[in-house]
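Participant: Before anything else, here's the structure in question.
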Amino acid sequence: MRAVAVTEFGGPDALHVVDLPEEHAGPGEVRVRVTAFAVSPTDTNLRSGFYVERDPVGVPPYVPGMDAAGVLVEVGEGVETDLAVGDHVMAVVVPGGAHGAYREDLVLPARSVVRVPAGVDDVAASTLPMNGLTARLVLDELALRPGQVLAVTGAAGAFGGYVVQLAKADGLTVVADAGPGDEELVRSLGADVVVPRGDEVAAAVRAAFPAGVDGLADGSVQDGAVLAAVKDGGVVGTVRGYTGDGRRGLRVVPVMVRDYAEEREKLDALRVAVEEGVLTLRVAGTVPAEQAAEAHRRLEAGGVRGRLVVTF
Ligand SMILES: NC(=O)c1ccc[n+]([C@@H]2O[C@H](COP(=O)([O-])OP(=O)(O)OC[C@H]3O[C@@H](n4cnc5c(N)ncnc54)[C@H](OP(=O)(O)O)[C@@H]3O)[C@@H](O)[C@H]2O)c1
């Protein structure tokens, strides 16, 4: 079975198609014939070797990828599921060694897999699990009450866009950043107030909410540069490990989506959110597996809106 893998870390051209043996679903697992996987910033990091120290991996090939969609082909022993072989499903994947989402034949915990939203194809469905769950996780950690104010940076991105939409559904007031070309997009996601993105984003949020916001989700990974937007004692969700500067009683919470990788009910709630029109799936384009390097190049160049998806 084909996989898009790295044998030596490097630039986009380090990705190539390899042949891997089929695997069967063990107890508590299911097996998916992947037709589409989404390309995220964490994949380009894995490809370049950025995670080697944090997650030492043994023997190549290394297969990146945290989002997959396709067809359920096998259900392992002891799995109680509403799914049947032949169903179209989507999954969040915690990559390790040769087990990432960039493979045609993918065995993973049954609790990481749900059906795709009704009326949605595998390509669009593959853009939801990882960033949708991260958005849910951040909002759960921030634990704001309806009516409180949340700021979102990187709001035009995959993670930030889902945060804006889920926060609105949770009853929060949302102030979000946007570059000039993204203002309409970010407003259409539901942001109540849109401020210019960039180094001055905290001051812009303060100008709109002089007392400071109750919470902030930092999708643009600006770390210390965004803290001034938040009121004393407020809360900040970060996505690349930033833990704050210890000042003004801010609670800075770094989240890791792997903590929600087997939260099946939460993944299924995201499916329902798409079906109810709460979440919008955005596909920037698709390329076949043989051209996965092109998707990495485009993502690293910046400015992609919606997710790039690779198909088998
Ligand atoms: N911890 C976890 O479990 C977890 C899970 C999911 C995502 N993440 C991380 O979350 C981050 C966002 O992911 P994503 O998939 O949403 O990425 P994305 O789709 O590329 O979105 C990031 C957004 O932030 C903007 N941006 C980048 N640098 C900026 C800056 N200095 N000022 C203002 N805006 C800036 C980008 O604009 P341009 O495209 O114009 O640069 C883009 O709109 C990534 O670092 C990703 O690795 C972490």
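Participant: Report, in debye and to the nearest 20, how large the dipole of the stretch 85-191 comes out about its Cα centre when Lys and Arg carry +1 and Asp and Glu carry -1 on their Cβ.
Facilitator: On the way: 7 positive and 12 negative charges, 66 e Å.
Rounded to the nearest 20 debye, it is 320 debye.
Participant: Please compute the contact order of the chain in relative form: average sequence separation of alpha-carbon pairs under 8 Å and at least six residues apart, divided by the residue count, as a percent.
Facilitator: Dividing the mean separation by the residue count of the chain yields 19 percent.
Participant: Any idea what the relative contact order of the stretch 151-228 is, in percent, if you count C-alpha pairs under 8 Å spaced at least 6 apart?
Facilitator: On the way: 129 pairs, mean separation 27.5, N = 78.
Averaging sequence separation for qualifying contacts and normalising by length gives 35 percent for the stretch 151-228.
Participant: For the chain, what's the radius of gyration and Dmax over Cα atoms, in angstrom?
Facilitator: Final numbers for Rg and Dmax: 19.2, 59 Å.
Participant: Follow-up. Please list the non-local residues whose amide H lies under 5 Å from the amide H of Gly237, H modeled 1.01 Å from N, same-chain partners needing a gap of 5 or more.
Facilitator: Leu216, Ala217, Asp218, Val253
Participant: Next question, about the same structure. Rounded to the nearest 5, what % of DSSP beta bridges with both residues in the stretch 84-184 are antiparallel?
Facilitator: Values: 4 of 8 bridges.
So the antiparallel bridges in the stretch 84-184 amount to around 50 percent.
Participant: Under the Karplus relation 6.51 cos²θ - 1.76 cosθ + 1.60, θ = phi - 60°, what is the ordered set of whole-Hz ³J(HN,Hα) values for the stretch 63-74, x standing for Gly and Pro?
Facilitator: Computed from phi, the couplings for the stretch 63-74 are 10, x, x, 10, 9, 9, 9, x, 10, 5, 10, 7 Hz.
Participant: Could you list which residues have their amide H under 5 Å from that of His99, counting only those 5 or more apart in sequence or on another chain, with H placed in the peptide plane?
Facilitator: Val63
Participant: With θ taken as phi - 60° and the coefficients 6.51, -1.76 and 1.60, list the Karplus ³J(HN,Hα) couplings across the stretch 130-136 in order, rounded to whole Hz; mark glycine and proline as x.
Facilitator: 5, 6, x, 5, 5, 4, 4
Participant: Tell me the relative contact order for the stretch 194-291 as a rounded percent, counting alpha carbon contacts under 8 Å between residues six or more apart. Could the numbers behind the result be given before it?
Facilitator: Numbers: 113 pairs, mean separation 16.4, N = 98.
For the stretch 194-291, the relative contact order is 17 percent.
Participant: Oh, and also: Would you kindly derive the ³J(HN,Hα) couplings of the stretch 2-8 from the backbone phi angles with the Karplus curve 6.51 cos²θ - 1.76 cosθ + 1.60 (θ = phi - 60°), listing them in order in whole Hz, with x for Gly and Pro?
Facilitator: Each residue of the stretch 2-8 in turn: 7, 9, 9, 9, 10, 9, 10 Hz.
Participant: Next question, about the same structure. Please give the Cα centre distance for the stretch 269-312 versus the stretch 205-247, rounded to the nearest Å.
Facilitator: 28 Å
Participant: Residues with amide H under 5 Å of Ala261's amide H, sequence separation 5 or more or different chain, H placed in the peptide plane at 1.01 Å from N; which?
Facilitator: none
Where a number appears in this text, it was derived from the coordinates with a stated rule and is not lab data. Since we're looking at a predicted model, the values are computed, not measured. We place every Cβ from the backbone using ideal geometry, glycine too, and count neighbours over all the protein chains shown.
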